[in-house]
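The values are calculated or read from the model by the stated rules, or taken from the named source; none is laboratory data. Only a predicted model underlies this, so the values are computations on that prediction, with no experimental measurement involved. Note: ideal-geometry Cβ built from the backbone for every residue, glycine included; neighbour counts use all protein chains shown. With ligands, DNA and RNA removed, areas are computed over all heavy atoms of the protein, side chains included. Shrake-Rupley method; radii C 1.70, N 1.55, O 1.52, S 1.80 Å.
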Amino acid sequence: MKRMGLIAGFCLLMGFSGVQVNAQTEGQEYILNTESAADKQERMAWWKEARFGMFVHWGLYSSAEGEWGDKTFTRAAEWIQRNANVSADVYQETMLPKFKPAPDFASKWASLAKQAGAKYVVFTNKHHEGFALHDSTQTEYDAKDVTGRDLHKEVVEALRAEGLRVGVYHSLWDWHHPDAPAGKGAMNVSGLTMEGRDLSRYTNYLHAQVNEITDGRYGDVDVLWLDYSKGPYQGEVWRAKQLVELIRNNQPQILINNRLWQNTKEQREDSGKYWFGDFSTPEQHIPATGIEGIDWETCDTLNITWGWSKHAVEFKTSTELIHRLIDAVSKGGNYLLNIGPLPDGSIDPKTVERFSDIGEWMQINGDAIYGTQAGPFSRLPWGRATAKEIGDGGHRLYLHVFDWPANGELLVPGLQTIPTHGSVMGGKAAETLRMSKARGGVVLEGLPTQPVHDAATVIAIDFDQVPSVAPYRVHAATDGSFDLEPADATVKDAIYHDHEMHRRSCIDSWKANAEAQFPLQVEKSQSYAVQIEVAADKIKDNATFALSAGEAQRSFEVKSTGGGEVWKTLDAGSIELPSGPITLTLRCATIDEASILKLATITLKPVASTP
Ligand code: JFZ
């Protein structure tokens, strides 16, 4: 609904002034929260307890189902307006007649989230396409004007009815508004320019719509998920400071994500002042070791699109998703898992199946997720760990075992404190575990030979003190060989990438003198044959590397493998490893700058010693 008088009044009231388009970095100079760290912790408390949320991408774009004319989209189907390069007029004309939400779609979303064990839901109030689900006085491009229903209200009420916290996604871009960013540096349909556009009119509109969704007419808002900033369009271009003040004034307890700014590594690591928002938002990616000193939430897709596409048929399995939830939480983060409902708001069977599977796992193991923190291990060969304080100075570790040991025995490598009590979650009460120090850690014996759950079975172990954990070392497998993963290394002057969808974890961007150091526990001094898995391209002269451990050293060369995604295993000769806790160092001796060189696994196989 559009009421011009109200807007003018609102703008006067808010004291809107001219826009400062050049003040890209001003956001860095102020701190959004002047509250104490303790007050911030209190504000974040429910969110850190929750650990698991459901994201919903649903709007007009859902009705395109990933198809525009003869073009199809498997990825980012919510971007179809821009990616099929459709003008706002044609898009509106095509999409509005298709928008026919089912009567009870919102309660279905809420019960799916509830059943899966999610504690909060973030839904797209307005995505980049500009169509708003709430009844906006700023535009007729909203659900109320089109369908007669305030869909934002329907969703919020359905979520509250299930006891879920309410998060609202609101796009900073707008492909419908005639004054929104366009042209150079902006995310919009191509061919547009800023000519004739008045950005200050758009930021007024943005602020006014954000005010509508936070001023209390839809009750409390627990999270505001703004999206997103890039290059010249960030911070004060959105009049970020004023916007944040408006939001905090409306909802003092609200949590705001970090996307009013572009999040460079430096910005994320500037943890002393959290001007980047209340939490950081890695996307479809779980940071290898979490993010030190910052609250964060990985948002993730079931397939590779946020909005529904009938072409996105490859879904992660329920097991993969459960592992990703555990992985994020074990590193101190939250996990926000997306659904892309169908055009009428209903949910496809594959999505329902996965959320039900997660719910089934959470029924048994919720205590190992809710209210937990990052576990104390940098790496565990069989899974992950989360941690919790249990009162009276007691501590509990939850061992999430992905690969269940068939012999009833599990080594917790590096653990130096013997637990006072251990039990398998969802296991038989009668089982008693024997726990003792051995093999550089604690060995648990008497485990059931079958896992409780195929994706992950959790063992809860209790301590009457903070358990002590020795730094991680790679141990040999039962056949005596070592499998070194990129994640095992401490990397200097090269870059470690953990596994993302369709990519493998690797170390790349090697410079001369760059190093990867692997901590090993070698039982027996002997010679090992070295195999190295690489993908390499654009290498003019061969790149040369040196592998060393103590006195032993071995050099080898790497040639192009025929492409940056073409993986080959190369023999790097053999090396004599001393016994004990050792560091195996891989150093890049020479490399030319234009080279692409990715290193994945290193395998060391014992060479039968000649008598
Ligand atoms: C954004 C949206 O564009 C996307 O549709 C989805 O809503 C996701 C959760 O958030 O994705 C981004 C955000 C930032 C960049 C790219 C995609 N970026 O900075 O390049």
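If you average the alpha carbon positions of region 364-421 and of region 321-358, how far apart do those two centres end up, in angstrom? Here the answer is 23 Å between Cα centres.
In this simple spin-label approximation, Asn85 and Thr193 carry label points 7 Å from Cα along the Cα→Cβ vector, and these lie 1.7 nm apart.
With contacts taken as Cα pairs under 8 Å at a separation of at least 6 residues, the chain carries a relative contact order of 12 percent. Ranked from largest to smallest solvent-accessible area, with a 1.4 Å probe on the protein heavy atoms, Asp541, Asp179 come out as Asp541, Asp179. Per-residue 3J(HN,Hα) values for region 569-585, derived from phi via the Karplus relation 6.51 cos²θ - 1.76 cosθ + 1.60 with θ = phi - 60°, read 9, 10, 7, 10, x, 10, 9, 8, 9, x, 8, x, x, 10, 10, 9, 10 Hz in sequence order (x marks Gly and Pro). Fully extending the segment from Lys605 to Val313 would add 101.1 nm, taking 0.36 nm per residue of separation and subtracting the current Cα-Cα distance. Backbone phi angles across region 80-95, fed through the Karplus curve with coefficients 6.51, -1.76 and 1.60 (θ = phi - 60°), yield HN-Hα couplings of 4, 4, 6, 6, 9, 6, 9, 5, 4, 5, 5, 4, 4, 4, 6, 8 Hz in residue order; Gly and Pro are listed as x. Taking amide H atoms as placed 1.01 Å from N in the peptide plane, the amide H of Leu584 lies under 5 Å from those of Phe518, Leu520, each 5 or more residues away in sequence or on another chain.
For region 269-419, what proportion of DSSP beta bridges, expressed in % and rounded to the nearest 5, is antiparallel?
Rounded to the nearest five, the antiparallel share is 60 percent.
Distance between the 7 Å Cα→Cβ label points at Val466 and Glu389: 1.1 nm. For the chain, the mean residue ellipticity at 222 nm estimated from helices alone is -6000 deg cm²/dmol, where every DSSP H run of n ≥ 4 contributes -39500 (n - 2.57) and the total is divided by all residues, rounded to the nearest 500. What percentage of the solvent-accessible surface of region 38-131, computed with a 1.4 Å probe over protein heavy atoms, is contributed by carbon and sulfur atoms? Solvent-exposed carbon and sulfur of region 38-131 make up 48 percent of the total.
Region 143-162 and region 184-218 have their alpha-carbon centroids 23 Å apart. The HN-Hα couplings worked out from phi for region 162-177 by the Karplus form 6.51 cos²θ - 1.76 cosθ + 1.60 (θ = phi - 60°) are 8, x, 8, 6, 10, x, 10, 8, 9, 6, 7, 7, 8, 8, 10, 6 Hz, whole numbers, x standing for Gly and Pro.
Expressed in whole Å with the largest first, what are the equivalent ellipsoid semi-axes of region 10-368 derived from the C-alpha gyration tensor as the square root of 5 times each eigenvalue? Could the numbers behind the result be given before it?
On the way: eigenvalues 160, 138, 75 Å².
With the √(5λ) rule applied to region 10-368, the semi-axes are 28, 26, 19 Å.
Taking the protein heavy atoms of region 375-472 in the context of the full set of protein chains, the accessible area attributed to carbon and sulfur is 48 percent at 1.4 Å.
Placing Lys559, Lys48 in order of accessible area, with the largest value first and a 1.4 Å probe, yields Lys559, Lys48.
Just to confirm, what accessible area per residue do you get for the chain at 1.4 Å probe, in whole Å²? Before the final figure, lay out the partial values.
Numbers: 25790 Å² over 611 residues.
That works out to 42 Å² per residue.
Of all aspartates and glutamates in the structure, those lying under 13 Å Cα to Cα from Lys310, and not within fewer than 8 positions of it along the same chain, are Glu65, Glu67, Glu78, Asp348. Taking amide H atoms as placed 1.01 Å from N in the peptide plane, the amide H of Lys310 lies under 5 Å from those of Gly66, each 5 or more residues away in sequence or on another chain. When +1 charges are put on Lys and Arg Cβ atoms and -1 charges on Asp and Glu Cβ atoms, the dipole computed for the chain relative to its Cα centre reaches about 160 debye.
Under the √(5λ) rule applied to the eigenvalues of the Cα gyration tensor, what semi-axes describe the equivalent ellipsoid of region 375-494? Give them in Å, descending.
On the way: eigenvalues 115, 68, 36 Å².
Working through the eigenvalues yields semi-axes of 24, 18, 13 Å.
Listed by chain and number, the aspartates and glutamates placed with their C-alpha closer than 18 angstrom to that of Lys524 are Asp479, Asp483, Glu551, Glu576; residues fewer than eight positions away on the same chain are left out. By the rule of a C-alpha distance below 24 Å, with chain neighbours fewer than 8 residues away ignored, the lysines paired with Lys40 are Lys48, Lys119, Lys241, Lys265, Lys273, Lys331, Lys388. Most simply put, the chain has about 70% antiparallel DSSP beta bridges, counting only bridges with both residues inside it. If you average the C-alpha positions of region 518-564 and of region 78-99 separately, how far apart do those two centres end up, in angstrom? Here the answer is 52 Å between Cα centres. Against the empirical curve 2.2 N^0.38 Å, the C-alpha radius of gyration of the chain lands at a ratio of 1.06. The accessible-area ordering, largest first, of the residues Ser107, Ser200, Ser62 stands as Ser107, Ser200, Ser62, per a 1.4 angstrom probe. Sequence-distant contacts, meaning Cα pairs under 8 Å at least 6 residues apart, place the relative contact order of region 33-190 at 24 percent. Relative contact order for region 10-368: 26 percent, from Cα pairs under 8 Å spaced at least 6 residues apart, divided by residue count.
Of the beta bridges DSSP finds with both residues in region 10-368, what % are antiparallel, to the nearest 5?
Bridges in region 10-368 are about 10 percent antiparallel.
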